[in-house]
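Comments concern the structure below.
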Amino acid sequence: MKMTFRWYGEGNDSVSLKQIKQIPGVEGLVWALHDVPAGEEWPMDKIMEYKRLADEYGFHLEVVESVNVHEDIKLGLPSRDKYIENYKRTIEKLATVGVKVICYNFMPIFDWMRTDLFKEMEDGSTALFFDKAKVLSMSAEELVNNIAGNSAYSMPGWEPERLKHLAPLFEAYKDVTEEDLFNNLQYFLEQVVPVAEQNGIKMAIHPDDPPYSVFGLPRIVTNRDNLARLLKLVDSPSNGLTLCSGSLGANPNNDIPALVREFADRIPFAHIRNVRVYENGDFIETSHKSDDGTVDIAEVVRAYHESGFEGYVRPDHGRHIWDEQCRPGYGLYDRALGIMYLWGVWDGLERIRKGNA
């Protein structure tokens, strides 16, 4: 298990590289060029600037999250080919700085979705929260204003310039079915996976968050059967998964440890986080501790350990604790606690395996 930490870059993150360096066992940064619009080729000078910063603190840059997919690719428009060509060239550039995994998603219009960025919990901490009934009663425009307008940091997946054109985007998707989305994903993968293979990179699709349709939009990376199907679209080790226990765990019908065991050889990158799902469908992100949420994180880690997992992981979202002022879900303190919880479970399993328990 190779531990990483997501970092949004200088001036766009409350957490410093010096602080990340002090978290035990963190080897690399999970990074991206968040100021480059989806569909554009990444500039080499900006890539090299990230490498310079990482090198200064001894971090690798082997995991990128995300090289975002342009909406025209998801929609299957004729213009998709030029954006796919840009994507291929970006893959080639990333290989030159040692990138091994590219996490991406194929969610129409919206990336992750929450209704409250700072929902107060019983202990006084705050966390990202999804109110299912509220989403059903509000417009997409209201949700965009709520998310994009309530953070001091840029919000990947909620770029104001792109979401200013919300009505035309919804119009474009009105007749797009899940089957259409699968076909468009296959077309994309058939183009980029061979380039990834040639450059020693694994594409790792992130599940939809939450893993079901919202605002009538199709979503396909949602459950076991769909994960199995998308891996067969292009049957290659370079067509893999970013298995996110929190995203898939928002649907209690998804058995996360079972998914890990089934797809372990196609999971180059894992997000491990917990989420508490309520009977009405609401959910909130909790600490990583198993008992705090609906997902048995200790059993998830056991599944990775038993599978001989040697890929990359990161603690993913955390609560906002100890009055930390930070990007929603991406503070230092709770993610560092999460890493130590994951290491504690992993180290215990290692001692048992070696007979030292």
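The values are calculated or read from the model by the stated rules, or taken from the named source; none is laboratory data. Model, not experiment: these values are computed from the prediction. Note that we place each Cβ from the backbone using ideal geometry, even for glycine, and neighbour counts take in every protein chain shown.
Please go through region 3-50 and give me each residue that is assigned to a helix (DSSP H, G or I) and either buried (at least 17 other Cβ atoms within 10 Å of the Cβ) or in contact with a helix residue (DSSP H, G or I) (Cβ under 6 Å, 6 or more places away or on another chain) (or both), ordered by number.
Filtering region 3-50 down to residues assigned to a helix (DSSP H, G or I) leaves 17-21, 44-50.
Scanning region 3-50 gives L17, I20, K21, M44, I47, Y50.
Exactly one residue among A270, A258 is closer than 30 Å to S236 by Cα and either part of a helix (DSSP H, G or I) or modelled with pLDDT under 95 (or both), and that residue is A258. Counting only residues that are out of contact with any strand residue (DSSP E or B) (no Cβ under 8 Å at 6 or more places or on another chain) and in a loop (DSSP other than H, G, I, E, B), region 325-357 holds 7 of them.
One residue stands out in region 66-105 among those that are surrounded by fewer than 20 Cβ atoms within 10 Å (Cβ to Cβ), in contact with a helix residue (DSSP H, G or I) (Cβ under 7 Å, 6 or more places away or on another chain) and free of Cβ contacts under 8 Å to residues at least 40 places away in the same chain: the one that is nearest to D35 (Cα to Cα), namely D72. The set of residues from region 240-273 being surrounded by 24 or more Cβ atoms within 10 Å (Cβ to Cβ) and of a type in the set (S, T, N, Q) comprises T242, S245, S247.
Annotation for region 214-224: no member residue is at pLDDT below 95, farther than 23 Å from E262 by Cβ, surrounded by fewer than 17 Cβ atoms within 10 Å (Cβ to Cβ) and under 18 Å from the mean Cα position of the chain (by Cα).
Residues in region 273-324 that are in a loop (DSSP other than H, G, I, E, B) and touching a Ser or Thr at 6+ places or on another chain (Cβ under 7 Å): how many? Full working, then the answer.
Residues of region 273-324 in a loop (DSSP other than H, G, I, E, B): 273-274, 278-282, 286-289, 293-296, 307-311, 315-319, 321-324.
Right, trim to touching a Ser or Thr at 6+ places or on another chain (Cβ under 7 Å) and you get 273-274, 293, 295-296, 319, 321.
So the count comes out to 7.
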